[in-house]
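Novice: Structure in structure tokens, see below.
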Amino acid sequence: MSSLSGRVALVTGAASKRGMGRSVAVRLAKEGADVAVLDKYAAPKSIWPGDEGWGGLNAVVEEIKAQGRNGLALVTDVSSGKEVDDAVAKTLEKFGHIDILVHCGGIRGAMTTPVTDLSEEEWRAIIDINLTGSFLISKAVAKTMIPDGKGKKIVLIGSKAATEGYPGSSGYCASKHGLLGLGRTLAKELAQYKINVNIINPGGFETNLRDQAVIQRAKEQGISLEKAVEEESKKVGPGPSIPLGRLGKPEEIADLVYFLVSDQSAYITGKAIDIDGGA
């Protein structure tokens, strides 16, 4: 019997082809869980060559079914309390319970805009999705877990930006610092119900997170998207700042998530775990 057999997971931010959410969802299904996958867009576009025609949430559900498990696709904006509550209700209607929440959903926002130049609109957009969204989904799922909490797990995906400041990324850093505080507080509050809450802080990973920033830079510089993608590939490549000499892969996040939602992590809660190649 698989180690997560009989359990139900809800994974947010799962529609991007190169996203951590997709890798996490498929890995948990491989380990025996039924998985509801959630994202704001049913099939987000990717700027990277070879990703054309990606099927988004429905494609991920098919990958879950290929593992012999049941899946559910939910188009949901996590910054909307009503939409979050509806998604949780639909998950309960289909599966009856939620044992695992892995919250991967988020946006990168400005990467090179000083605080003095950042618009209020962009600041609020980043905070609404990354921090308020984390609060709303954690609150909604935790309420369903509390009545029978033993062995249930919540994993929030933070960032190395949760512990450091990065010039030009004030909104993102602030949102991830806030998520760290939210996760640690939630862990203390839910411990009495035997629910584990942990945070993963990734460093540089090969995902779609930077796509919107690359698109924006191409517009601002008046260059083609293809040229901007080429420049981004060189910019985020491995260097002396990553001792292991490469960017991380989404599957490596999924490996760590699996450990944190398995019974082997029963005595770990309230921890922020860096995964960054030794950066």
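The values are calculated or read from the model by the stated rules, or taken from the named source; none is laboratory data. In this text the structure is predicted, and so the values were computed from the model without any measurement. Neighbour counts are summed over all protein chains in view; Cβ atoms, including those assigned to glycine, are modelled from backbone coordinates with ideal geometry.
Novice: State the number of residues belonging to the range 107-133 that are closer than 16 Å to Ile154 by Cβ and either at pLDDT below 95 or touching a Pro at 6+ places or on another chain (Cβ under 9 Å) (or both).
Specialist: 0
Novice: To continue, here is another question. Would you call Tyr172 touching a helix residue (DSSP H, G or I) at 6+ places or on another chain (Cβ under 8 Å) and surrounded by fewer than 20 Cβ atoms within 10 Å (Cβ to Cβ)? Lay out the reasoning, then the answer.
Specialist: Numbers: touching a helix residue (DSSP H, G or I) at 6+ places or on another chain (Cβ under 8 Å): yes; surrounded by fewer than 20 Cβ atoms within 10 Å (Cβ to Cβ): no.
No; evaluated as a whole, the condition is false for this residue.
Novice: On the given criteria, is Glu232 within 22 Å of Ala15 (Cβ to Cβ), in contact with a helix residue (DSSP H, G or I) (Cβ under 7 Å, 6 or more places away or on another chain), in contact (Cβ under 8 Å) with a residue 24 or more places away in the chain and of a type outside the set (Gly, Ala, Ser)? So that I can check it myself, show each step before the final result.
Specialist: On the way: within 22 Å of Ala15 (Cβ to Cβ): yes; in contact with a helix residue (DSSP H, G or I) (Cβ under 7 Å, 6 or more places away or on another chain): yes; in contact (Cβ under 8 Å) with a residue 24 or more places away in the chain: no; of a type outside the set (Gly, Ala, Ser): yes.
Against the criterion (within 22 Å of Ala15 (Cβ to Cβ), in contact with a helix residue (DSSP H, G or I) (Cβ under 7 Å, 6 or more places away or on another chain), in contact (Cβ under 8 Å) with a residue 24 or more places away in the chain and of a type outside the set (Gly, Ala, Ser)), Glu232 does not qualify.
Novice: With the requirement that a residue be over 17 Å from the mean Cα position of the chain (by Cα) and either buried (at least 24 other Cβ atoms within 10 Å of the Cβ) or not in a helix (DSSP H, G or I) (or both), what does the range 135-162 give you?
Specialist: Gly149, Lys150, Gly151, Lys152
Novice: Kindly evaluate Tyr258 against the criterion of being among the aromatic types (Phe, Trp, Tyr) and not in a helix (DSSP H, G or I). Let's see the steps before the verdict.
Specialist: Values: among the aromatic types (Phe, Trp, Tyr): yes; not in a helix (DSSP H, G or I): no.
No, not satisfied.
Residues are listed down the side, and each one gets a yes or a no for (1) within 13 Å of the chain's Cα centre (by Cα); (2) of a type in the set (A, V, I, L, M, F, W, C); (3) surrounded by fewer than 24 Cβ atoms within 10 Å (Cβ to Cβ):
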{"position": "Arg22", "(1), (2), (3)": "yes, no, no"}
{"position": "Lys30", "(1), (2), (3)": "no, no, yes"}
{"position": "Gly50", "(1), (2), (3)": "no, no, yes"}
{"position": "Asp85", "(1), (2), (3)": "no, no, yes"}
{"position": "Ile107", "(1), (2), (3)": "yes, yes, yes"}
{"position": "Met111", "(1), (2), (3)": "no, yes, yes"}
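Novice: Can you pull out the residues in the range 1-44 that are over 17 Å from Asn58 (Cα atoms), in a loop (DSSP other than H, G, I, E, B) and of a type in the set (A, V, I, L, M, F, W, C)?
Specialist: Result: Met1, Leu4, Ala33.
Novice: So, of the residues in the range 32-48 that are of a type in the set (Val, Ile, Thr) and closer than 13 Å to Asn70 by Cβ, which turns out to be farthest from the chain's Cα centre (by Cα)? So that I can check it myself, show each step before the final result.
Specialist: Step one: of the range 32-48, the residues of a type in the set (Val, Ile, Thr) are 35, 37, 47.
Pick out the ones that are also closer than 13 Å to Asn70 by Cβ and you get 35, 37.
Values: Val35: 15, Val37: 11 Å.
Applying the filter and picking the extreme gives Val35.
Novice: Looking only at the range 203-224, count how many residues are outside any loop (DSSP other than H, G, I, E, B), more than 16 Å from Tyr172 (Cα to Cα) and among the charged types (D, E, K, R).
Specialist: 3
Residue by residue, here is whether (1) of a type in the set (A, V, I, L, M); (2) on the phi > 0 side of the Ramachandran plot holds:
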position	(1), (2)
Gly13	no, yes
Ala25	yes, no
Glu62	no, no
Gln67	no, no
Gly105	no, no
Met111	yes, no
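Novice: Listed residues Lys188, Lys219, Lys271; which is loosely packed, with under 13 Cβ neighbours inside 10 Å and touching a residue at least 60 places away in the same chain (Cβ under 8 Å)?
Specialist: Details: Lys219 fails: touching a residue at least 60 places away in the same chain (Cβ under 8 Å); Lys271 fails: loosely packed, with under 13 Cβ neighbours inside 10 Å.
Lys188 is the lone residue from the list that is loosely packed, with under 13 Cβ neighbours inside 10 Å and touching a residue at least 60 places away in the same chain (Cβ under 8 Å).
Novice: Only residues that are acidic (Asp, Glu) and at pLDDT 80 or above: list them for the range 214-234, please. Before you say what the answer is, go through the steps one by one.
Specialist: First, pick out the residues of the range 214-234 that are acidic (Asp, Glu): 220, 226, 230-232.
Selection gives Glu220, Glu226.
Novice: Which residue out of Leu92, Leu72 is part of a helix (DSSP H, G or I), at pLDDT 95 or above and either touching a helix residue (DSSP H, G or I) at 6+ places or on another chain (Cβ under 8 Å) or surrounded by 19 or more Cβ atoms within 10 Å (Cβ to Cβ) (or both)?
Specialist: Selected residue: Leu92, the only one of Leu92, Leu72 that is part of a helix (DSSP H, G or I), at pLDDT 95 or above and either touching a helix residue (DSSP H, G or I) at 6+ places or on another chain (Cβ under 8 Å) or surrounded by 19 or more Cβ atoms within 10 Å (Cβ to Cβ) (or both).
Novice: Continuing with this model, one more query. Which one is nearest to Lys30 (Cα to Cα), of the residues in the range 52-69 that are within 19 Å of the chain's Cα centre (by Cα) and in a helix (DSSP H, G or I)?
Specialist: Ranking the qualifying residues of the range 52-69, first place goes to Ile64.
Novice: Does Lys82 satisfy the criteria of being over 19 Å from Glu251 (Cα atoms) and in a loop (DSSP other than H, G, I, E, B)? Before you say what the answer is, go through the steps one by one.
Specialist: Details: over 19 Å from Glu251 (Cα atoms): yes; in a loop (DSSP other than H, G, I, E, B): no.
Judged against the criteria, Lys82 is not a match.
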